[in-house]
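**Student:** One structure, as structure tokens, below. Some questions next.
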Amino acid sequence: SYKTNITLYPNPATDKITITNNEPSKEATISIFNIQGKLMLSEKFKEQNTIELNISKFAEGIYILKIQVENEIENKKLVIQ
């Protein structure tokens, strides 16, 4: 299956994460959900290939990072410690 060209680091993370979009011509939306499915944060890439997200206010635990690039969706597990 198709995988979006997105990398996420560090993971596990503590206070911030960097997300790199290796196809900056395509608009991407990044959403972070907690394990209960509540949307915690949502951010759009607009023709840029790196964004930093501040997650210092997030509680420790496992989150789902949902990446949508055009019609493709990929989920990554994000651990915050």
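The values are calculated or read from the model by the stated rules, or taken from the named source; none is laboratory data. The model shown is predicted, which means the values in this text are computed figures rather than measured ones. Virtual Cβ from ideal backbone geometry, glycine too; neighbours counted across all protein chains shown. Heavy atoms of the whole protein, side chains included, go into the accessibility calculation; ligands, DNA and RNA do not. Shrake-Rupley method; radii C 1.70, N 1.55, O 1.52, S 1.80 Å.
**Student:** For region 28-53, how many residues are over 12 Å from Leu65 (Cα atoms) and either modelled with pLDDT under 95 or of a type in the set (Gly, Ala, Ser) (or both)?
**Tutor:** First, pick out the residues of region 28-53 that are over 12 Å from Leu65 (Cα atoms): 28, 36, 44-52.
With the extra rule that they be either modelled with pLDDT under 95 or of a type in the set (Gly, Ala, Ser) (or both), the set shrinks to 28, 44-52.
So the count comes out to 10.
**Student:** Here is a further query. Within region 39-81, work out how many residues are part of a loop (DSSP other than H, G, I, E, B) and loosely packed, with under 14 Cβ neighbours inside 10 Å. Even if it seems obvious, please write down each step before you answer.
**Tutor:** Of region 39-81, the ones part of a loop (DSSP other than H, G, I, E, B) are 46-49, 55-60, 70-71, 81.
In the following step, the residues that additionally are loosely packed, with under 14 Cβ neighbours inside 10 Å were identified as 46-48, 56-57, 59-60, 70-71, 81.
Adding up the residues that qualify gives 10.
**Student:** List every residue pair whose Cβ atoms sit under 6 Å apart, with the two residues 6 or more apart in sequence or on different chains, where the first one lies in region 7-27 and is over 21 Å from Gln68 (Cβ atoms) and at pLDDT 90 or above and the second, anywhere, is open to solvent by 80 Å² or more (accessible area, probe 1.4 Å) and in a loop (DSSP other than H, G, I, E, B).
**Tutor:** If the second residue must be open to solvent by 80 Å² or more (accessible area, probe 1.4 Å) and in a loop (DSSP other than H, G, I, E, B), the pairs left are Pro12/Gln81.
**Student:** Look at region 21-38 and say how many of its residues are loosely packed, with under 15 Cβ neighbours inside 10 Å and either under 12 Å from the mean Cα position of the chain (by Cα) or of a type in the set (Phe, Trp, Tyr) (or both).
**Tutor:** Final tally of qualifying residues: 1.
**Student:** Here's a follow-up. I'd like the residue in region 1-20 that is outside any strand (DSSP E or B), loosely packed, with under 11 Cβ neighbours inside 10 Å and hydroxyl-bearing (Ser, Thr, Tyr) and, out of all such residues, is nearest to the chain's Cα centre (by Cα).
**Tutor:** Applying the filter and picking the extreme gives Tyr2.
**Student:** Just to be sure I understand, how many residues within region 27-59 are closer than 18 Å to Pro10 by Cα and out of contact with any Ser or Thr (no Cβ under 9 Å at 6 or more places or on another chain)?
**Tutor:** Matching residues across region 27-59 total 6.
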